[in-house]
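The values are calculated or read from the model by the stated rules, or taken from the named source; none is laboratory data. Values in this document were obtained by computation on a predicted structure and should not be read as measured data. Note that each Cβ is placed from the backbone with ideal geometry, even for glycine, and that neighbours are counted across all protein chains shown.
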Amino acid sequence: MNFVNTVQGSLLEGFYPAGWDMEAIDRCCSHPPEAITERQSFWHADFNPISCNNVQELNVRMGHEIAMQIKKNREEGRKTALILPAGPMGMYEWAVFFLKEWQISCSHVYGFNMDEWSDGEGNTLPPEHTGSFQYAMEQAFYGPLGDLTVPVEQRHFATLEQLPTYAEKIAALKAEGAELVTIFGIGRVMHIAFWEPQYGGEFSSDQEWKQATHRIGAQLHPLTIEQNAITSFKSRTTLVPCRANTIGPGLFLQSDRIIGGCDGALSRGMQWQGLSLWTTLRHGPSRWIPSSFMPTLPGKLFFLEELAGPLQPGIN
């Protein structure tokens, strides 16, 4: 007795994205924990998932990876375009630490925040609002860097005015030889940024889907709302906006390198991100599962060891 053989006629019938094969997703999650790093045929040769014992280790290793990319490009005289998330967040403290320790100026860095809460018209929270992603980034990364920080004019946020300009600005930077690095987490519904899986139904092919650069006032999946209620709003669903501005695959799939993080463990053996992690690594590319494309790119995906499972009730 499980989801697949009881969903018909239930309140969840039709709730999940139409392109999801729940049996295939379940098969992705059925492997033993030690198998999670086994290479798959669709992975890029330079893509590597890296297990971390705890959140502290994950934060340090992600922060170090971000700082190293910035440092390397600085030393090579190359500009760096970063697509940045407002979560995971612990990595930014360590990125700042290493950059300050090494005294690396970020004057060559261009930051593009991947998403922002918005209303149906694309209007966003004011930057000083403590719930905005811009506020989070200023407090966690740009501000603490002090004199080494990214110039204000090189910081971009997913507002109604700025988000539509990302594609052109990133293309111009890449034409100058800049490296594009996407830093990301994976959503409960396997989104990247707020590019949700149900958008797959609006495109006739994966190729068409890959061209979409952004969306204004995007409708979020109900599970995305609940994920954020749990992880960012202390369970208070009523505070979570139902729409957001977000980049799309037309931008994040251009990445020269990716740095991902999965830290979605709760307390007492509970977690929310294990299925998302396993599906990302094992499903194979599908526009109905945006994160499934990330292993096709060079880079690293850091994850908490406990997310590997086993994903079975009563077994820790």
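Couple of notes before you dig in:
Rundown of residues vs (1) part of a strand (DSSP E or B); (2) touching a strand residue (DSSP E or B) at 6+ places or on another chain (Cβ under 9 Å); (3) touching a residue at least 12 places away in the same chain (Cβ under 8 Å), yes/no style:
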{"residue": "Glu93", "(1), (2), (3)": "no, no, yes"}
{"residue": "Tyr110", "(1), (2), (3)": "yes, yes, yes"}
{"residue": "Tyr166", "(1), (2), (3)": "no, yes, yes"}
{"residue": "Leu173", "(1), (2), (3)": "no, yes, yes"}
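- Being touching a Phe, Trp or Tyr at 6+ places or on another chain (Cβ under 8 Å) and buried (at least 23 other Cβ atoms within 10 Å of the Cβ) is a property that does not hold for Ile230.
- Summed over segment 165-190, residues that are at positive phi and either modelled with pLDDT under 95 or over 18 Å from the mean Cα position of the chain (by Cα) (or both) total 1.
- Comparison of Leu266, Leu304 shows that the only residue that is surrounded by fewer than 17 Cβ atoms within 10 Å (Cβ to Cβ) and within 16 Å of Ile186 (Cα to Cα) is Leu266.
- Test result for Thr149, more than 17 Å from Arg243 (Cα to Cα), of a type in the set (S, T, N, Q), surrounded by 15 or more Cβ atoms within 10 Å (Cβ to Cβ) and in contact (Cβ under 8 Å) with a residue 40 or more places away in the chain: yes
- Some residue of segment 190-201 being surrounded by fewer than 24 Cβ atoms within 10 Å (Cβ to Cβ) and hydrophobic (A, V, I, L, M, F, W, C): no
- With respect to the conditions (1) free of Cβ contacts under 8 Å to residues at least 24 places away in the same chain; (2) in contact with a Gly (Cβ under 6 Å, 6 or more places away or on another chain), Trp195 lacks only one, and its number is (1).
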